[in-house]
Ligand SMILES: C[S@@+](CC[C@H](N)C(=O)[O-])C[C@H]1O[C@@H](n2cnc3c(N)ncnc32)[C@H](O)[C@@H]1O
């Protein structure tokens, strides 16, 4: 795993497991690998991608790159047409449009260079949501966060850190998991301020991580900012050099993975941090909190910081919980409240723009006192014990096998055979090596069972 700076990466593997078969990942020089699911291991820009189908995810990024490229060219052409078609333009207005035109091209090239360096090529296919992780916006949706985190001279990051440190009190976690880390400023500042040994920052969106990885390693990144509401004609496009004031802290790691099902073993962390995350994802918080409880050791804590805005497009009214309801959900899941506060914080006030707002932000720290049996832990007994008959479930008929071996296993599920019996069939009928058969079958079964959620 990419240690942004220092520290043997292999140590961090103790905190990760394969998202397909949930077994520990093995460390090899070439990158992270699951011995049982060879497709698990991918690495983009030196950052591990741990998803059920990393190739599909990176392909989607390639489509998004193409869409960004086309949109930027189209906007640039519109600006050019304005310059050419409006003879009566004043000199300053003409200069503004020319600047915009030139910087749009610069922006396209800069962003393209980040994708190129990461090995994400253009994919000439229409955008599709297939295989996209829930909650994930398009790859180019977070430029403002990137500039705020590493480009603006603004009090926002320091104010957020101050609030979070106040709520953290004297807690000093050694292992922190951050979900939806974005461009990583607050997680990185917190990692440094608390002296955390190992932080694993998880996100699903490529560009904020491509930038975070560089600036945290001490490499400045040039990126043009286009403020939504520029202050004056020169502010329509601002050349920025993004950099981190204190780069190179040990033990801060990036990971592309679904934060709704983090690929980490039970109880592997003593703090899970959700900065501006819980209301951004389509998952009902009442089902996300048990997952947070799973990854935190008993006595560990969950730290939240963010508004409760929720996206009307992908949440139901019943799931748009207010602060007191969120606290109740935490308590119902074995957490007890240590500290909480509510602040109105400045949000996204670009120094080059005339816009900005305040947002009510809920920050709380809850401690996990006890493990609670998960209502959504519906993993069947045959997935835990290979001698038990594997039943057929309704969605299995619609399952699209990614590989002929998965298709063969699906065909062999008849409600009578156990995983062991299926493995025997795979050896005799398909000449699977006997020593690999049961592991392979269990992997297929757990992947099929997981896939039922998206059917
Ligand atoms: C509102 S942004 C907040 C980013 C950052 N924490 C901050 O405060 O600037 C929400 C972040 O959650 C990430 N995200 C959304 N769904 C996710 C998922 N299922 N798994 C991991 N990250 C996700 C987005 O990519 C985005 O970076």
Inset, instruction - Among DSSP beta bridges lying fully in the chain, give the percent that are antiparallel, nearest 5. - result: 60
Inset, instruction - Working from Cα positions, state the angle (0 to 90°, nearest 10) between the long axis of helix 419-430 and the longest principal axis of the chain. - result: 90
Inset, instruction - Find how many whole Å separate the alpha carbon centroid of segment 186-203 from the alpha carbon centroid of segment 429-451. - result: 38
Legend entry - Estimated inter-spin distance, residue 174 and residue 297, nm [label 7 Å along Cα→Cβ]: 0.6
Inset, instruction - Please order 274, 74 by the number of other Cβ within 10 Å, starting at the fewest. - result: 74, 274
Legend entry - Segment residue 166-residue 431, extension gain: residue separation times 0.36 nm, minus the distance between their alpha carbons: 89.3 nm
Inset, instruction - Pop a pseudo-label 7 angstrom from the Cα along the beta-carbon direction at both residue 387 and residue 231 and give the gap in nm to one decimal. - result: 7.4
Inset, instruction - Pop a pseudo-label 7 angstrom from the Cα along the beta-carbon direction at both residue 287 and residue 193 and give the gap in nm to one decimal. - result: 3.4
Legend entry - Residue-span extension gain [residue 314 to residue 73] - 0.36 nm each, minus C-alpha spacing: 83.7 nm
Inset, instruction - Determine the gain in length on full extension of the stretch residue 325-residue 372; use 0.36 nm per residue of separation and subtract their C-alpha separation, reporting nm with one decimal. - result: 15.1 nm
Inset, instruction - Could you work out how far the C-alpha centroid of segment 390-424 sits from that of segment 83-105, in angstrom? - result: 63
Inset, instruction - Would you mind checking the tilt of helix 91-118 against the longest principal axis of the Cα atoms of the chain, expressed as 0 to 90 degrees and rounded to 10? - result: 20
Inset, instruction - Kindly express, to the nearest 10 degrees and within the range 0 to 90, the angle between helix 285-295's C-alpha long axis and the longest C-alpha principal axis of the chain. - result: 70
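Readers should treat all values here as calculations from the given coordinates under stated rules, not as data from a laboratory. Here the structure is a predicted model, which is why all the values come from computation and not from measurement. We place every Cβ from the backbone using ideal geometry, glycine too, and count neighbours over all the protein chains shown.
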